[in-house]
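Below is one structure; the comments refer to it alone.
Quick note: the coordinates plus some simple rules give every number you see, no bench work behind them. All of these numbers come straight from a predicted model, not from anything done at the bench. No Cβ is skipped: glycine too gets one built from the backbone with ideal geometry, and neighbour counts run over all protein chains shown.
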Amino acid sequence: MDAGLVFLWNATRGHRLQPWRSEYLKWRLETFTGRHAEQVGARDLLHFLIAERRQVLRYLSWLSEMRAYARAPEKR
């Protein structure tokens, strides 16, 4: 959950109260679904999060793992 909040905070910079207006989230939805970014609205974002919740959770898990890996000191 921690990584999800950090990701959402970073991804919605400038549009924190209206995340569906975030250019980054629109771009991510466009690349994942093929729907044009100009057509993405609040309902589309909510529908995507509900319909693809497993993929979203998997992505957030991977993101958390990569951040932990990046923060870990080098092992020599």
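For the stretch 48-76, residues that are of a type outside the set (Phe, Trp, Tyr), part of a helix (DSSP H, G or I) and within 19 Å of residue 35 (Cβ to Cβ) total 6. Within 20 Å of residue 2 (Cα to Cα), outside any helix (DSSP H, G or I) and in contact with a helix residue (DSSP H, G or I) (Cβ under 9 Å, 6 or more places away or on another chain), is that true of residue 16? The answer is yes for residue 16. Of the residues that sit in the stretch 42-74 and are in contact with a helix residue (DSSP H, G or I) (Cβ under 7 Å, 6 or more places away or on another chain) and under 20 Å from residue 3 (Cβ atoms), which one is surrounded by the most Cβ atoms within 10 Å (Cβ to Cβ)? Ranking the qualifying residues of the stretch 42-74, first place goes to 48.
Among the residues of the stretch 28-42, just one is of a type in the set (Asp, Glu) and either closer than 17 Å to residue 56 by Cβ or outside any helix (DSSP H, G or I) (or both), namely 30.
Residue-by-condition table, conditions (1) surrounded by 15 or more Cβ atoms within 10 Å (Cβ to Cβ); (2) more than 17 Å from residue 53 (Cα to Cα); (3) touching a residue at least 24 places away in the same chain (Cβ under 8 Å):
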residue: 9; (1), (2), (3): no, yes, no
residue: 13; (1), (2), (3): no, yes, no
residue: 16; (1), (2), (3): no, yes, no
residue: 20; (1), (2), (3): yes, no, yes
residue: 25; (1), (2), (3): yes, no, no
residue: 29; (1), (2), (3): yes, no, no
residue: 37; (1), (2), (3): no, yes, no
residue: 40; (1), (2), (3): yes, yes, no
